[in-house]
1. Once label points are set 7 Å from the Cα along Cα→Cβ at both residue 23 and residue 94, what is their separation, rounded to one decimal in nm?
2. Kindly provide the helix-only [θ] at 222 nm of the chain, computed as the sum of -39,500 (n - 2.57) over DSSP H runs of four or more divided by all residues, to the nearest 500 deg cm²/dmol?
3. Any chance you could list the semi-axes, whole Å, largest first, of the equivalent ellipsoid that the Cα gyration tensor gives for the stretch 131-289, using √(5λ)?
4. If you stretched the chain out fully between residue 225 and residue 138, how much longer would it get, using 0.36 nm times the residue separation minus the C-alpha to C-alpha distance?
5. Among 73, 166, what is the fewest-to-most ranking by other Cβ atoms within 10 Å?
6. Compute the relative contact order of the chain as a whole-number percentage, counting only Cα pairs closer than 8 Å that sit 6 or more residues apart in sequence.
7. Any idea what diffusion coefficient the stretch 1-147 gets from Stokes-Einstein, in µm²/s, Kirkwood Rh on alpha carbon pairs, 4 °C, 1.567 mPa s?
8. Would you kindly state how much longer the chain becomes between residue 112 and residue 48 on full extension, computed as 0.36 nm times their sequence separation minus their alpha carbon distance, in nm to one decimal?
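None of the figures in this text is laboratory data; all of them are computed from the coordinates on show. These numbers were taken from a predicted model, which means no experiment stands behind them. Using ideal geometry, Cβ is built from the backbone for each residue, glycine included, and neighbour counts are taken over all protein chains shown.
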């Protein structure tokens, strides 16, 4: 049932009030604060106070994307005013995303005009459930990322090596959060950093990535008519969501708007043990027999 204590799912980081371990069973959503399983509809109700709702994923996992789509649908049905922000597109593709929201593009036209294959590259079919729910409800869709050249240059030479003209207004990345650094290297599977400059630059690139996506979301929100029913859903890889250490941390550095995180786990046929601080909610998809 359990995995080794050095698993990325049991790291002793994040919310100090939720350092206990929880058992999650296949096809179960667990509310880590209340330490109990909830239905999808129950989770949607508990998400009511949150403005930002971050849902992680493993990019190549179809179940994760179906789950993301179900959460978005649930929020719409609950009467929330939903915006969907995606790691998969950078800011330069916003016009194509707007056209998809307005139902003005066929799927083939959208794939071509948004440059999906070079923007992201994973099979579009994996993500189709998300785009279908966005299209059906005409939800606002936001490209959160920045051009990969910005992240690559940071990894090569640090943030200071990125020309001011290419920084797109991204705030100075804060590299001082040691628990986030620990998560980053745990996800890499390479243990602790060596202290060499290239390690710091590689880590800085991840922080720029998270900071930039939070910045895009906040900029979009500034241009949005305020609503107490607003739900800004952010879809990104688990590494940007887990332990409330990625995008949500960068959001909290700049806003008091409430956030919630949902972490989907790798599919499993048996229960798994996780650190409760891994997310406000955890979902374990069943593994096909």
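1. Taking the two extended label points, one gets 4.9 nm.
2. Calculated mean residue ellipticity at 222 nm is -11500 deg cm²/dmol.
3. Numbers: eigenvalues 140, 118, 41 Å².
Here the semi-axes work out to 26, 24, 14 Å.
4. Additional length available on full extension: 29.7 nm.
5. Values: 73 19, 166 12.
Least crowded to most crowded, the residues run 166, 73.
6. Here the relative contact order equals 38 percent.
7. Values: Rh = 17.2 Å.
Result for D is 75 µm²/s.
8. Computed gain between residue 112 and residue 48 is 19.4 nm.
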